[in-house]
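Data first, discussion second: the structure below is written as structure tokens.
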Amino acid sequence: MQHMDEVNDELAKKISNIRAQPARPFRVERSQPAAPPLTHASGPREVRAWLEAKAFSARVVEHLGVLTGPQLFSLNKDELRKVCGEEGARVYSQLTVQKAFLEAFAPKREAADSLFLLEVRVLEPASISEPAPRPADPSPSE
């Protein structure tokens, strides 16, 4: 029982020491800003910004920054290695991640676009057409 009293006393001392210490400042690490989006509609300016945001070398940015999004997405791993050297594999990896991201959100976007078009069609009075008049029955000729 005496051992338990000693443990409790030691624990009480440690807790009081912790409470007596000045509060440490709480620091939140901010993540880096998100890279600019790269899509199949991206032009050379967006491609260049994406490459720079991903911290590729100036050489890679210079060589690939003249391409459009579809052109960049169409390159395979070997082509990227020929153009970018050792960084080619990393470019390919980042492009693969970006493609997967776009594919994951494409169905949601297409569904939203379809819903919008449906709403527009329903609400536009010009889209409502009256039935065309029926042609007169030909009279029997004898």
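For every residue, the table says whether it meets (1) surrounded by fewer than 18 Cβ atoms within 10 Å (Cβ to Cβ); (2) modelled with pLDDT of 90 or more.
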site	(1), (2)
Ala35	yes, no
Leu38	no, yes
Ser42	no, yes
Leu51	no, yes
Phe56	no, yes
Thr68	yes, yes
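Please go through the range 57-67 and give me each residue that is hydrophobic (A, V, I, L, M, F, W, C) and farther than 8 Å from Cys84 by Cβ, ordered by number. Of everything in the range 57-67, those that are hydrophobic (A, V, I, L, M, F, W, C) and farther than 8 Å from Cys84 by Cβ turn out to be Ala58, Val61, Val66, Leu67. Among the residues of the range 80-97, those that are farther than 16 Å from Ala41 by Cα and in contact with a Phe, Trp or Tyr (Cβ under 9 Å, 6 or more places away or on another chain) comprise Leu80, Arg81, Cys84, Glu87, Arg90, Val91, Gln94.
Filtering the range 35-59 down to residues that are of a type in the set (Lys, Arg) and part of a helix (DSSP H, G or I), which residue is farthest from Phe101 (Cα to Cα)? So the residue we want is Arg59.
Set side by side, the residues Glu86, Glu62 differ, and just one is modelled with pLDDT of 95 or more, over 22 Å from the mean Cα position of the chain (by Cα) and assigned to a helix (DSSP H, G or I), which is Glu62.
The values are calculated or read from the model by the stated rules, or taken from the named source; none is laboratory data. Predicted model only: the values in this text are computed from it and were never measured. No Cβ is skipped: glycine too gets one built from the backbone with ideal geometry, and neighbour counts run over all protein chains shown.
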